[in-house]
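This report concerns only the one structure given below.
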Amino acid sequence: RQNFWKSNEGENPLFNTDPGHLEEQAKAKLTQNGWFYASSNAGQSHTHTANRQAFYRHRIIPRMLVDTNLRDTKTSIFGHEVNAPIGFAPVGINKIYHPHGELPVASAAGGLGLPYALSTAGSQPIEDVAASNDAGAAHSKDGSGSAVRFFQLYMPHDDELTRSLLQRAVDSGFTACILTLDTWQLGWRHDDVATSNYAFYHGQGADLGLTDPVFQRRLKEAGIDPKTQPNEAGAMWIDNVWHGRAHTWEKAVWAMKLWKELSGGKPFCLKGIQSVDDAQKAVEHGFDGIVVSNHAGRQVDGAVASLDALEKIVQAVGDKTYVMYDSGVRSASDVFKALALGAQFVWIGRLWIWGLSIMGETGVDHVVRSLLADLDILMNVAGFQSIDQIKKDGRKHLESGP
Ligand code: FNR
């Protein structure tokens, strides 16, 4: 049996993992700027709310007298066995939440045997995050850890810089790349705008960028010394990568080919797909997978709920590409519903951010281990032995409607 109940470390991790409580506890721990960055949504939070409401419109119909005594949350992603169909979604600048930034998160993910995605906006070098992910996997208590890691690319307009980032990811053993499409510019988020939070990000040390040899050359050319001018260096990194200028399908295909060339053909996926049209284009262009996501409701206010988009996209391309899901997942029943509606895999963001903010690696471990325990119990009481069964029969066991 998989043991999801005990946390890895000595600190007492028994804080309440109800999402509402997590938010309160994280808010109490973070600075106002940090809390605003993590919690802000685009505009009036309509998309964020819609993401949650879409889950309420599907209700699970439990089935009885199924032999769930030997049940299993394990599954695989691009050929790698993992402990559950749940991964750590890419989230930038983790030093906002913890002094060691991404390192405790990558370590917790490795220990739990779940995929970890590192953001291009990370506040630690790619190489160090990879080492922490490996170390977490090696030290997992029950030996079921694994280091399956995805590099999330925000594509710079500087091709040499893109090549350098991808090469570093390949050299650091990343198993796949995810290109995020929806954030070449940050959405209008009132809390961040009102507090000039964007200047705050610059000062948080985008070490992933600052440790890049090509970017270091760019800084030198611009006469910026990151040691004495950290804010200017951070601002230049953000400008270099985001610009506010959109990319095109041709450019995304270029990035995929580059990644394939550098990695020897490892998977390359697109994140932020919300329309059937775009999902079909992704299939036509030969991408290995897509993440149906609206970035937790932080980009386009009033956008379609990610779960509603998922259903339509799965109907159109579910048998032609590997469809993953994120945005608004807060519990095992949400994971169940996304899988039942056709997602092969689910990513979580804010849940682990709150855990990191509350208690570092112990907090991340506790929050996600609780989600795994919740999933194990849900499968038992709803009558499903395996993740494959949820994917195959789950749709028939959802009542959907207003
Ligand atoms: C994100 N997300 C994100 N996505 C990405 O591709 N690169 C990034 O750097 C970030 N950064 C980021 C910061 C914060 C504070 C949040 C809340 C989100 C989006 C993330 O990967 C994912 O799509 C959502 O977080 C999923 O929704 P939930 O689980 O947070 O509701």
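The values are calculated or read from the model by the stated rules, or taken from the named source; none is laboratory data. This structure is a prediction, so every number in the text was calculated from the model and none was measured. Using ideal geometry, Cβ is built from the backbone for each residue, glycine included, and neighbour counts are taken over all protein chains shown. Heads up: the accessible areas ignore ligands, DNA and RNA and are worked out on the full protein's heavy atoms, side chains in. Shrake-Rupley method; radii C 1.70, N 1.55, O 1.52, S 1.80 Å.
What the table shows:
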quantity	calculated
Residue within region 130-137 that is surrounded by fewer than 24 Cβ atoms within 10 Å (Cβ to Cβ) and over 17 Å from Glu361 (Cβ atoms) present	no
Subset of region 28-83 that is small (Gly, Ala, Ser) and not in a loop (DSSP other than H, G, I, E, B) - its residue that is most open to solvent (accessible area, probe 1.4 Å)	Ala28
Candidates Lys95, Lys6, filtered to the one that is open to solvent by 60 Å² or more (accessible area, probe 1.4 Å), part of a helix (DSSP H, G or I) and at pLDDT below 95	Lys95
Flag for Gly360 being at positive phi and either crowded, with 21+ Cβ neighbours inside 10 Å or under 18 Å from the mean Cα position of the chain (by Cα) (or both)	yes
Selection from region 305-327 of residues that are within 17 Å of Ser400 (Cβ to Cβ), open to solvent by 10 Å² or more (accessible area, probe 1.4 Å) and not β-branched (Val, Ile, Thr)	Asp308, Glu311, Lys312, Gln315, Gly318
Criterion violated by Asp393 - all others in (1) in contact with a His (Cβ under 7 Å, 6 or more places away or on another chain); (2) surrounded by fewer than 20 Cβ atoms within 10 Å (Cβ to Cβ); (3) not in a loop (DSSP other than H, G, I, E, B) satisfied	(1)
Selection within region 329-350 - open to solvent by less than 10 Å² (accessible area, probe 1.4 Å) and out of contact with any Asp or Glu (no Cβ under 6 Å at 6 or more places or on another chain)	Val329, Asp334, Val335, Phe336, Ala338, Leu339, Ala340, Ala343, Phe345, Val346, Ile348
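Yes or no, residue by residue, for (1) polar (S, T, N, Q); (2) within 17 Å of the chain's Cα centre (by Cα); (3) at pLDDT below 95:
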{"site": "Ala108", "(1), (2), (3)": "no, yes, no"}
{"site": "Gly122", "(1), (2), (3)": "no, yes, yes"}
{"site": "Val129", "(1), (2), (3)": "no, yes, no"}
{"site": "Lys141", "(1), (2), (3)": "no, no, yes"}
{"site": "Pro156", "(1), (2), (3)": "no, no, yes"}
{"site": "Val170", "(1), (2), (3)": "no, no, no"}
{"site": "Leu181", "(1), (2), (3)": "no, yes, no"}
{"site": "Arg189", "(1), (2), (3)": "no, no, yes"}
{"site": "His202", "(1), (2), (3)": "no, no, yes"}
